[in-house]
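**Student:** The structure follows.
The values are calculated or read from the model by the stated rules, or taken from the named source; none is laboratory data. As the structure is a computational prediction, the values presented were derived from the model and not from experiment. Here Cβ is always computed from backbone atoms with ideal geometry, including for glycine, and neighbour counts include all displayed protein chains.
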């Protein structure tokens with residue numbers, strides 16, 4: 001009899017475990033995660049302040065290279081999806097466009113800001129978030145350790161068209177930062193936040209005459 005009772009108990013235990021496993025999961029607990037990582041600092045200097053300080057400004061190399069680096073903890077991409085000009089643009093978000101990255105997906109490039117420096121870029125942004133609590137599109141100036149010094153914008157724009165961004169950085173002339181464009185997310189599968197970037201330009205007034 002004791003042997004039969006043990007078998008029944010074992011069967012009931014397995015049934016209970018299967019029931020628990022089959023039960024629907026509770027609501028997704030949304031948390032802010034992710035960090036920035038930047039390469040070793042090299043302190044670039046500009047030979048001509050009037051020229052574009054951005055290397056590979058339109059990502060026409062076809063990859064995250066030639067000045068650009070993977071600076072999130074989630075991969076960013078160079079893609080052929082609807083570039084503003086040329087063949088390529090940069091994409092931050094999940095690889096398949098569904099859900100949101102678990103962390104930061106983005107690229108950065110080290111820049112030295114010229115006198116009268118003005119940064120411009122073309123942005124194509126998609127998001128169905130209600131606000132920037134858990135996910136957003138962004139651009140920042142980062143220090144050598146990957147900390148945000150200046151947030152240029154944080155948005156959940158949802159407009160399937162290219163828009164122009166312009167930022168006056170003259171107040172930071174002579175300083176070297178990492179310029180970052182990307183998407184932050186918390187891995188939430190039911191919403192999507194994406195950003196495409198193209199034609200990034202940073203230029204200022206002409207170099208002062210040599211003394």
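**Student:** List pairs: first residue in segment 108-122 and on the phi > 0 side of the Ramachandran plot and buried (at least 24 other Cβ atoms within 10 Å of the Cβ), second residue modelled with pLDDT of 95 or more and part of a loop (DSSP other than H, G, I, E, B) anywhere in the structure, Cβ distance under 7 angstrom, at least six positions apart or on different chains.
**Tutor:** Between residues of segment 108-122 that are on the phi > 0 side of the Ramachandran plot and buried (at least 24 other Cβ atoms within 10 Å of the Cβ) and residues that are modelled with pLDDT of 95 or more and part of a loop (DSSP other than H, G, I, E, B), there is no close pair.
**Student:** Considering every residue within segment 102-113, establish whether at least one is in contact with a helix residue (DSSP H, G or I) (Cβ under 8 Å, 6 or more places away or on another chain) and closer than 29 Å to residue 171 by Cα.
**Tutor:** Within segment 102-113, one or more residues are in contact with a helix residue (DSSP H, G or I) (Cβ under 8 Å, 6 or more places away or on another chain) and closer than 29 Å to residue 171 by Cα.
**Student:** OK, next. Looking at segment 58-71, which of its residues are modelled with pLDDT under 95 and either in contact with a strand residue (DSSP E or B) (Cβ under 8 Å, 6 or more places away or on another chain) or outside any loop (DSSP other than H, G, I, E, B) (or both)?
**Tutor:** 67
Let's see how each residue does on (1) without any contact (Cβ under 8 Å) to a residue 60 or more places away in the chain; (2) under 24 Å from residue 83 (Cα atoms):
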{"residue": "144", "(1), (2)": "no, no"}
{"residue": "161", "(1), (2)": "yes, yes"}
{"residue": "172", "(1), (2)": "yes, no"}
{"residue": "183", "(1), (2)": "no, yes"}
{"residue": "188", "(1), (2)": "no, no"}
{"residue": "193", "(1), (2)": "no, yes"}
{"residue": "201", "(1), (2)": "no, yes"}
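**Student:** Okay, moving on. So if I check each of 44, 8, 3, which one is farther than 25 Å from residue 188 by Cα, at pLDDT 50 or above and not in a loop (DSSP other than H, G, I, E, B)?
**Tutor:** Working: 44 fails: not in a loop (DSSP other than H, G, I, E, B); 3 fails: at pLDDT 50 or above.
Residue meeting the stated conditions: 8.
**Student:** In segment 72-98, what residues are assigned to a loop (DSSP other than H, G, I, E, B) and buried (at least 18 other Cβ atoms within 10 Å of the Cβ)? Explain how you work it out, then say what you get.
**Tutor:** First pass over segment 72-98, keeping only residues assigned to a loop (DSSP other than H, G, I, E, B): 72-73, 75-76, 80-88, 93-98.
Scanning segment 72-98 gives 72, 76, 83, 88, 93, 94.
Every residue, every condition in (1) assigned to a loop (DSSP other than H, G, I, E, B); (2) at pLDDT below 95, yes or no:
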site: 109; (1), (2): no, no
site: 120; (1), (2): no, no
site: 124; (1), (2): no, no
site: 132; (1), (2): yes, no
site: 138; (1), (2): no, no
site: 146; (1), (2): yes, yes
site: 152; (1), (2): no, no
site: 162; (1), (2): no, no
site: 165; (1), (2): no, no
